[in-house]
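FYI, it's all coordinate maths here, none of it is from the lab. All figures in this text were calculated on a predicted structure; none of them were measured in a lab. For neighbour counting, all protein chains shown are included, and Cβ atoms are generated from backbone atoms with ideal geometry for every residue, glycine included.
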Amino acid sequence: MALKALYVTSTTAEAEALRKATVFDASSGNFHAGNVEISLLLGNVGAVSTVWSLMNYLAVNGKPDIAINGGIAGSFRPDIPPGSVVMPVTDCFADCGIEDGNEFFTLFEAGLAMPGAFPFENGLLKAPENIISKAGNLIRSVNAITVNAATGSESTRDRLFRKYSPDIETMEGAGFFYVCKMEQLPFIAIRAVSNMVEKRDRSKWNIPLALDNLSVKLELLLKQLNTL
């Protein structure tokens, strides 16, 4: 029996990584990689859209055996340059909280949520250890943050880095983590760096390289998926 996977991504451009890494079956509308049958879900950009799309999919179709979140990301680290492919193992809603003058406090720091209340652990959303441990030989593990506004200034970058010391940022990851943990759905995330997190300068971005490298790593991950 085929292992059923759900690939969640934001845009049609990011979905190309799945198309390159698999064989499309027109009769079923799904993708195949060996014994893995993959459904594609375009969740659109942002955590809110991702959460709604994923919850709606699960309500209509039921749970797959595993969910995979794929796409591009921005990097905070010089040793994770554009083209790098990484595996987020922790994530958080980095701009969800309150401002008090020039200070920012997370919901946990403000006493509005408990940092250890499920699905959080010390205020973080963590990927399943049994899955990431087996994929760690394929892809570098990183700590991610999720933001509603993609960072495009040095001041915001510095503030986020001081607060969270992240490796990458995305606009969807924590929403995906949150739903999967609440629904007790096995999951893994894989992201390719398209740009550094800095003052916005698209001339330095390399989305084609990121997506090409994402498809290569995704193909390797799918081959190993039956052992996860």
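A few remarks follow.
- Dimensions (Å) - the range 95-228, Cα atoms, principal axes, largest first: 50, 41, 20
- Unsatisfied cross-links (Cα-Cα over 32 Å) in the set 181/217; 63/163; 20/126: 63/163
- Spin-label pair residue 52/residue 113, simplified geometry with 7 Å Cα→Cβ offset, distance in nm: 1.9 nm
- Each of 123, 84, 51 was placed along the dipole of the range 47-164 (beta-carbon charges, centred on the mean Cα), and the one lying farthest toward the positive end is 84.
- A simple spin-label model places the labels of residue 98 and residue 26 5.8 nm from each other, with each point 7 Å out along Cα-to-Cβ.
- Per residue, the chain reaches -9500 deg cm²/dmol at 222 nm when only DSSP H runs of four or more residues are counted, each adding -39500 (n - 2.57).
- Summed side-chain charge close to residue 213 - residues other than residue 213 whose Cβ falls under 13 Å, Lys, Arg +1, Asp, Glu -1: 0
- Against the main long axis of the alpha-carbon atoms of the chain, helix 12-21 sits at an angle near 50°.
- Between the helical axis of 173-182 and the longest alpha-carbon principal axis of the chain there is an angle of about 70 degrees.
- Relative packing of 86-94, 139-147, which averages over residues the other C-beta atoms within 10 Å, highest first: 86-94, 139-147
- A cut-off under 13 angstrom between Cβ atoms defines the neighbours of residue 97, and their net charge, with Lys, Arg +1 and Asp, Glu -1, is -3.
- Computed over the range 3-227: relative contact order in percent, which uses C-alpha pairs under 8 Å that are six or more apart: 30 percent
- For the residues 25, 79, 100, a GNM of the chain with alpha-carbon springs under 10 Å puts the largest fluctuation on 100.
- Computing percent of Cα pairs over 30 Å apart directly from the structure and comparing it against [x] 30; [y] 34; [z] 20 singles out [z].
- Of all lysines in the structure, not one lies under 17 Å Cα to Cα from residue 204 without also being fewer than 8 positions from it along the same chain.
- Furthest towards positive pole of dipole, 209, 144, 10, structure part the chain, Cβ charges: 209
- For residue 84, net neighbour charge (Lys/Arg +1, Asp/Glu -1) across residues whose Cβ lies under 11 Å away: +2
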